[in-house]
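The values are calculated or read from the model by the stated rules, or taken from the named source; none is laboratory data. As the structure is a prediction and not an experimental result, all values here were calculated from the model. Neighbour counts run over all protein chains shown; Cβ positions are idealised from the backbone, glycine included. The area values use the complete protein model at the heavy-atom level, side chains included, leaving out ligands, DNA and RNA. Shrake-Rupley method; radii C 1.70, N 1.55, O 1.52, S 1.80 Å.
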Amino acid sequence: MSNSASTSKHASTHNDVLPLNEVSDQAVGGKARGLAELIQLGLPVPPGFVILNAQADRVPQSLQAHFDGLQGPVAVRSSALAEDGETESFAGQFDTFLNVDSFTALTRAINDCVASLSTSRAKAYQQGGGEQEATMNIVVQSMVNARAAGVVFTADPVSGRHNRMVIDSVHGLGESLVSGEATPDHFVLAPDNSIVERSIVDDNPSITDEELRHIAAGARAAASNAGMPLDLEWAIDHNGELYWLQARPITTLGVDLNDGHTPIPADHVITRCNVGEMMPGPVCPLTFSVQGRAIEHGMQYMHTCYAGRPAITDEWTQINLFYGHMFINLSGSLQAGRTVSFNTAETTAASVCGRIIPELKDPENRRLLPIRWLGSMKFFRFCMQAAKYTAAFDSRFRHFHIAYTDSSASMIEEMEAKFPWLCETNEVHLRTSAYSGVMEAIIQSIVTGKAKDGDPNEIAERQAEAARLLAGASDVESAVMVDQLDGILDLLAEDEPAAQNFSDASSAMALAWLNSPPSGAVGKRFQEFLQRHGHRGYRELCVRSLAWADEPERLVESMQASIASRLSGVYRPKNTEIVDLNSQPAILKYLLPKAHDAIRLREQTKSSLVLCTHKLQGGYRHLGTLLHEEGKLPDPDLVFFMSREELSAFCRAADEDTHDDMVELCLKRRKALDFQALLEFDDVSVGPAEPRDHTPPLHPENGELIGRPVSRGVVEGHARVATTLAEAAKLKHGEILVSEITDIGWTPYFSLIAGLATDVGSAVSHGAVIAREYGLPAIVNLQVATKIVKTGDLVQLDADRGILRILDHRNSDAHD
């Protein structure tokens, strides 16, 4: 909406009066401008006028005539020049007066309204963000004898979703709603005006569904005309007529939360499984266009090797983005692998999601059986060459580095030149992952095949046994990291006073001690750990994230928690069971070592992938710093809110207006990321993913949740529900960790917990692998555990049968 500061003969004369339907390009303030635009759109607005540049105790000559022309009580509202703009609303900062029924009362209300310009709250608001001097104009309008009134937001200001309209309504005047004195009826509408949420205060709804649709239609028309989401006030009189009282931009929103989404067919099945473990939460635009593109490249590369794909293209065939969250396109994967015999809907769903997905169907255009057999042979050859290709890649990758330059123009060239390394790293890692997946599937099939048909308990026990056998791999990168970190903490724990001081200190002080000479061998081994594993961390494949080497305090916090458990005497040391191959059948005696080799290879290439990402992270941060120093970005962090293509164009553009437009877009995208982080999705969607509007009540049968056991054992304890590392930092010794997922950044907390339960995951998920290293009972793929279990609940984790039981609900406050 326009908030023009242009002047005219009306604005240049003190205390002039202008009817709302005559407003054109005058500097009338946001409120009057919004009403004028509604009138021009043909929406019903109560008649009124605006007093320009109102002054206390100065009455315009025509004021009496304009007031008499309204014939009845009026509302007097501010319309300051800085008010109701695109960046600041000034909502509630200036006074409003209703039912003004005489000329004397009108002049008094005008004086009071002008005086509110100088109140302490208005001045504080201006100092906190208002950029314009708040010159006071005043809108005077006929009062609506309201039967019902309320507000409508054409985008949800709470969730940030542009495809949700929110309407609140009350009986009578809307002031009780705006002031917070009344609880409104609440409605949330989808783009087709279907009601996705309805909350009525009592048995007497304030508006009908027909009136709701009428309000929605008018609000959508106003927002479309303004070209931005709006916050509008409305009233319905006792004759059922709808009037619009105010329209202003919603100043708290970012871009549309589905900005940059990748279109897919309506029948495609997509999932957050697997990719949600790699990339929990939303990703910034640069991460999707860098890491997302590299993963898509790697997947297409696989299919050029064995599935007959002719070339790698810029299409998004198997990686998708909706509302800032990455998804795997299971249908796209099936379509790409239709020349491979065992690539079926059942096997694809099981390998990615850990269960059968009924909505996922085999493609109708699958190739003839002989072609699929040939494709299967090519796939197995592709997998068996994993070690060869990894060795060849490693010989070159050890020389990979990013050269930092002193200008953004040359730095973007360096980043573009090094991006193909990330694509190739994904090629290699996906090959080793496929090899590992095949070997693990074979082991699972052999072991679970012994179960009695249809006996879920025995199947679960066999799945846990297969997971135990697969855990026997030695020298796995993630396990080596655990061993080295435990070794540092064990050494520190030998000096109890030093360990106590380390545990009690702030994370900054503890880090300073580790970096100082008094820390001795502990500090030296900590530096060696960072040198080898410092590229790892939470959300380690996101190019905006900081690794342990960049933010060591995060690692130190988890080390302090682990030291505290050692000092308390309840420390649970790592307890990896060694698999006795001689006790296994001949087929497993032969295949298990090969499966272990595949697991080692997969973890090795995963570390290389993270290391490549870490080097790119540093390069992009340096580029952001250069752009900031060159005056092109107000904040270096904004570099992450452009796509790779946009960033390249931005660095090469000389036009300042181009830079300003992109900076504004980046700021809105960063604001949107906070909203995107609050969204929740079903783990499987058909067609474009949509966030849940609300989480339906969940009632597990007999207090039991069923998942997939990945590390055997049965344990009882109090639950600690943690979906972020900040929440995990509250873990107490012996609690059972209930989380959506865990990644490498959670590793140090495993020495504290008694068991692990996650909503998503598989036998090769990070949590499953590390739980087996510590001998912890673990269940994955519980789907809704974090929604049902509460911190402090007494639970039983039966990882022999894959059942999480809630034994007793407890007060979570006692466990915080």
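Side notes on the structure shown:
- Positive-end residue of ILE741, ILE599, GLY281, charge dipole of the chain with Cβ unit charges: ILE599
- Expressed as a whole percent, the accessible surface of the stretch 523-639 that belongs to carbon and sulfur atoms is 49, based on a 1.4 Å probe.
- Stokes-Einstein diffusion coefficient of the stretch 137-280, Kirkwood radius over Cα pairs, 25 °C, 0.890 mPa s, in µm²/s: 146
- Restraint check, LYS730/LYS787; LYS671/LYS790; LYS378/LYS589; LYS732/LYS787; LYS524/LYS594; LYS732/LYS790, Cα-Cα greater than 24 Å: LYS671/LYS790; LYS378/LYS589; LYS524/LYS594
- Residues listed by number, the stretch 466-499, amide nitrogen under 14 Å from ALA521 label point at 7 Å toward C-beta: 487-496
- Each semi-axis of the equivalent ellipsoid for the stretch 406-551 is √(5λ) with λ an eigenvalue of the Cα gyration tensor; in descending order they amount to 38, 29, 12 Å.
- Kirkwood-Stokes translational diffusion coefficient of the stretch 212-364, alpha-carbon pairs, 25 °C, 0.890 mPa s, µm²/s: 131
- Point-to-point label distance, GLU645-PHE342, nm (Cα→Cβ direction, 7 Å offset): 3.8
- Length available on full extension from ASN365 to GLU414: 0.36 nm per residue minus the Cα-Cα distance, which gives 13.3 nm.
- Here the calculated FRET efficiency for LYS668 and GLU175, from their Cβ-Cβ distance with R0 = 35 Å, stands at 0.65, rounded to the nearest 0.05.
- In Å², nearest 10: area of ARG367 left accessible to a 1.4 Å probe: 100
- Added length on full extension, which subtracts the Cα-Cα distance from 0.36 nm per residue, ALA586 to SER445: 49.2 nm
- Rg to Rh, two decimals, where the stretch 541-676 supplies the alpha carbon set and Rh follows Kirkwood: 1.20
- Taking each residue as 0.36 nm, the span from SER102 to ARG381 lengthens on full extension beyond its C-alpha to C-alpha distance by 91.4 nm.
- Label-point gap, in nm, between MET228 and ARG398 - each point 7 angstrom along Cα→Cβ: 5.7
- Ordered by solvent-accessible area of protein heavy atoms (1.4 Å probe), largest first, the residues ASP237, ASP95, ASP57, ASP597 come out as ASP57, ASP597, ASP95, ASP237.
- Label point distance in nm, GLN71-ASP504, each placed 7 Å from Cα along Cα→Cβ: 8.3
- When the solvent-accessible area of the stretch 372-521 is split by element, carbon and sulfur atoms take up 56 percent of it, the probe being 1.4 Å.
- The calculated FRET efficiency for GLU656 paired with ASN702, based on their beta-carbon distance and R0 = 51 Å, is about 0.20.
- Cα centroid separation, the stretch 495-571 to the stretch 215-293 (Å): 42
- Column: log10 I(q)/I(0), Debye, Cα scatterers of the stretch 606-701, q = 0.16, 0.22 Å⁻¹: -0.83, -1.10
- Computed E for ASP682/GLU458 - FRET, C-beta separation, R0 30 angstrom, nearest 0.05: 0.50
- 222 nm mean residue ellipticity, helices alone, for the chain (DSSP H n ≥ 4; -39,500 (n - 2.57); rounded to 500): -13500 deg cm²/dmol
- Candidate residues MET136, MET143: accessible-area rank, largest first, probe 1.4 Å: MET143, MET136
- Label assignment, volume of the Cα convex hull per residue in Å³ derived from the structure, set [x] 191; [y] 201; [z] 175: [y]
- Expressed as a fraction of 2.2 N^0.38 Å, the C-alpha radius of gyration for the stretch 723-794 is 0.97.
- Debye, to nearest 20: dipole size of the chain, +1 on Lys, Arg Cβ, -1 on Asp, Glu Cβ: 2980
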